[in-house]
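Single-structure report; data block below.
The values are calculated or read from the model by the stated rules, or taken from the named source; none is laboratory data. None of these values were measured; they are calculated from a predicted model. Don't worry about glycine lacking a Cβ; one is built from the backbone with ideal geometry, like all the others, and counts go over all protein chains shown. Accessible surface is based on the protein model in full, side chains and every heavy atom, while ligands, DNA and RNA are left aside. Shrake-Rupley method; radii C 1.70, N 1.55, O 1.52, S 1.80 Å.
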Amino acid sequence: MKYVVVTGGVVSGLGKGVTASSIGVLLKAGGWRVTNIKIDPYINIDAGTMSPFEHGEVFVLDDGGEADLDLGNYERFVDSTLTRDHNITTGKIYQAVIAKERKGEYLGKTVQVIPHVTDEIQEWIERVSKLPVDGCQGQPDVCIIELGGTVGDIESMPFIEALRQFQFRVGTDNFCLIHVSLVPVVGAVGEQKTKPTQHSVQALRSAGLSPHMLACRSQATLQQSVLDKLALFCHVSPDCILNLCDVSNIWHVPLVMHEQGGHLAIMRQLKLDFRKLDLDSWAHRAHKWDTVTEPVNIAVVGKYTGLGDSYLSVTKALMHSAIAADRKINVVWVEAGMLENATLAEDPAGHTDAWAKVQGVDGILVPGGFGERGIEGKILAAKYARENKVPYLGICLGMQTAVIEFARNVLGLKNTHSTEMMPNCPDPAVIFMPEGSTTHMGGTMRLGSRRTIFQTLDCKVAKLYNSQPFIDERHRHRYEVNPDIVDKLEAAGCFFVGKDETNRRMEILELDDHPFFIAAQYHPEYKSRPGRPSPPFMGLILAASGQLKDYLSNEAINMRVNAPGGFLQSPLKAMNGGLQKDLGIP
C-alpha cells in the first residue's frame with residue numbers, strides 16, 4: 001500500500017480537499033486504484049451536529065456516516081463510495097481508545113497520547129485504507145490522506161506525531177507528503193511573498209515531517225525566482241513544487257498538476273512505474289465548462305446562503321447537470337427568510353430584491369435544512385413555483401415545505417404545518433418519525449442509502465431514472481410526510497410516485513398538472529458525479545432550459561440505458577442522434 005499525505009499551512013481553506021481529490025484523479029487516470037481518508041482534528045464524533053455556517057455542509061455516505069464535505073469532493077472526483085470510517089476525528093480516536101481502556105486492553109499501562117492515541121490513529125489508517133471503495137474486490141493501490149486544519153494547530157498535534165511515526169512504519173518508499181501553502185501578494189508593488197510558506201514548512205519539519213512536494217496556492221502564476229527561493233529554503237527539489245494558481249473551474253486543477261509534472265514527482269517518490277495518464281474526458285469537461293455560454297438561472301432558496309459551502313453538493317450537482325445539458329449554470333442565492341411577509345416591514349428593499357430574484361429565474365430549488373427560521377419563505381417559494389408553473393425541485397425539507405404548501409392552499413388546511421416547527425399542530429402535514437430519538441441528536445436520524453420503489457413508471461421522475469423499478473439514494477431526516485393525509489393529497493393531484501419498502505413512507509412527490517414539480521425526501525445531490533449527473537437535478541436543468549420533453553421520450557431512455565456506463569456525457573446526444581454515431585449505430 002502506498003500513502004500520499006496532504007497537509008496545509010498558513011491559513012485554512014486553501015483547497016487541500018481539491019488538491020487531494022486531484023491527486024486521486026491523476027493516479028486513477030494512470031490505472032491505480034485509489035481511496036481517500038480525511039482527518040478532522042475536532043473532538044466531535046462526526047460533522048452531523050455542526051451548523052453549516054460553522055463547517056459547511058454535512059456530506060452523507062451510503063452507510064449513513066455524516067462526514068466532512070471533503071469526502072464529497074473525493075467521491076465526486078474519484079467516483080468512489082466511501083464509508084464513515086474514512087473520516088477520522090479526534091472524537092472517534094479518543095472514543096476508541098477509551099473503549100479499549102475500559103475493556104482492559106491496556107491493563108497495567110498508563111494510557112497516554114504516545115503511544116496509545118498515536119497507535120490507534122496509525123492502526124485506523126492501515127485498516128481503512130485497505131477497504132475497496134470502487135466496487136471491485138481487493139484493496140486499493142494508493143491511499144490519499146488529508147489532514148484538516150493547518151500545521152501548528154494544537155488539535156492536530158497527535159495526528160502530526162502519528163504521521164511522523166507512520167512514515168517509518170510503512171517505509172519511506174511508500175510515503176509521500178505534499179504540503180499545501182499560500183504565497184500571498186503584499187503591497188502595491190505586487191511582490192509574491194514566500195516567508196509564510198517557509199515558516200509553515202519549518203513548523204512541519206520541526207515536528208518530524210519533511211514535505212516531498214509543495215503545492216503553492218496563489219492568485220497569479222508564481223515567478224521563477226519565487227519558485228527557486230521556495231526550493232532553497234524549504235528543502236524541496238524545484239521539480240517538486242506545484243503552482244496551483246486560481247483557475248476558472250476546479251476541474252482544471254488535475255490538468256494543471258499534470259502539466260507541471262506533479263504525477264511524475266509522486267510516482268518517483270512512491271516508486272510507482274511511470275504510466276501515461278488518460279485525462280481526455282476530464283480535459284473535455286473542464287474546457288467545455290469554459291466555452292458553454294447559454295445560461296440557465298436557478299434560484300436556490302435556502303437558510304444558509306451566507307456560506308456557499310453550506311450547499312456545496314447542491315451546487316456541484318447543478319454544475320454536473322448543466323454541463324451535460326450544454327448550459328452555463330447561474331445559481332441565484334435567495335435567503336428564504338427574506339421572502340416572508342414579516343420581512344416586508346423590517347427590510348422592504350431586501351424583501352423586494354428577494355422576490356425579484358425568484359420571479360426572474362428559470363427554475364427554483366429548495367434544499368434541505370433544519371429549524372423554523374426561513375420555513376415560511378420556503379413555503380412561499382413552493383407556492384410561487386406551483387402557481388406559476390415554474391420548474392421546481394424540493395430536497396428533504398424542500399419536499400416537506402411543498403407538502404405543507406399544497407395542504408394549506410389546495411386542501412384548505414390553513415393551520416397545517418410540521419411538528420418540527422409546531423409540535424402541537426392540530427393538522428400536521430409533516431410528523432416526527434416514530435423510530436427517531438428525542439433525547440440524542442448525533443447519528444440518530446434516518447441516514448444513508450435507502451431504497452425507494454416507484455409506484456408507477458409513467459411519471460417524469462421515473463423516466464429521469466431511466467424507468468428503473470426502484471432506486472437507492474441517501475437520506476438525512478427526522479421528519480416525514482404524515483401518512484394519514486396522503487390519500488387527501490393524492491386525490492387533489494399531489495402524487496407520491498415513490499415510496500419506501502413499507503409503502504408507508506413518502507419518498508417522491510410529483511404534481512400531475514405542472515411542467516416540472518418534483519420533490520424528494522432523499523438527497524440526490526450526494527450521488528451526483530461529473531459525467532453522471534443526478535437525475536432529479538438533470539430534470540430541473542432540462543425543464544428550466546426547455547429540453548425536458550425529448551429527454552423523457554422512450555427513444556431517449558433506451559439510448560441512455562444502452563449507452564456505455566448506462567448514461568450519456570451529454571443528454572442532447574439522445575435528441576440529435578449523436579449517440580448512434582458514437583456507438584456506430586446506423
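At-a-glance table
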| quantity | calculated |
| --- | --- |
| From Ile45, Ile144, residue being open to solvent by 50 Å² or more (accessible area, probe 1.4 Å), in contact with a strand residue (DSSP E or B) (Cβ under 8 Å, 6 or more places away or on another chain) and on the phi < 0 side of the Ramachandran plot | Ile45 |
| Region 331-351, residues that are of a type in the set (Gly, Ala, Ser) and surrounded by 11 or more Cβ atoms within 10 Å (Cβ to Cβ) | Ala336, Gly337, Ala342, Gly350 |
| Entirely in region 1-114, the strands (runs of 3 or more DSSP E) that have 2 or more residues that are in contact with an Asp or Glu (Cβ under 9 Å, 6 or more places away or on another chain) and in contact (Cβ under 8 Å) with a residue 60 or more places away in the chain | 2-8, 34-40 |
| Filter result (assigned to a loop (DSSP other than H, G, I, E, B), within 21 Å of the chain's Cα centre (by Cα) and not charged (D, E, K, R)) within region 230-260 | Val247, Ser248, Asn249 |
| In region 147-180, residue nearest to Asp46 (Cα to Cα) [restricted to those that are open to solvent by 20 Å² or more (accessible area, probe 1.4 Å) and not in a helix (DSSP H, G or I)] | Gly149 |
| Candidates Asp273, Asp228, Asp278 - the one that is open to solvent by 10 Å² or more (accessible area, probe 1.4 Å), among the charged types (D, E, K, R), out of contact with any Leu (no Cβ under 9 Å at 6 or more places or on another chain) and within 19 Å of Arg529 (Cβ to Cβ) | Asp278 |
| Condition met for Ala220 (open to solvent by 10 Å² or more (accessible area, probe 1.4 Å), more than 15 Å from Leu14 (Cβ to Cβ), touching a residue at least 24 places away in the same chain (Cβ under 8 Å) and touching a strand residue (DSSP E or B) at 6+ places or on another chain (Cβ under 7 Å)) | yes |
| Count - residues of region 349-366 that are assigned to a helix (DSSP H, G or I) and not aromatic (Phe, Trp, Tyr) | 10 |
| Test for Gly448: is it within 30 Å of Ser545 (Cα to Cα) and either open to solvent by less than 20 Å² (accessible area, probe 1.4 Å) or in contact with a Cys (Cβ under 9 Å, 6 or more places away or on another chain) (or both) | no |
| Subset of region 414-431 (residues that are outside any loop (DSSP other than H, G, I, E, B) and either closer than 24 Å to Asp472 by Cβ or modelled with pLDDT under 90 (or both)) | Val430 |
| Criterion (surrounded by fewer than 24 Cβ atoms within 10 Å (Cβ to Cβ), under 23 Å from Ile364 (Cα atoms), in contact with a Ser or Thr (Cβ under 9 Å, 6 or more places away or on another chain) and not aliphatic (A, V, I, L, M)) met by exactly one of Arg408, Arg386 | Arg408 |
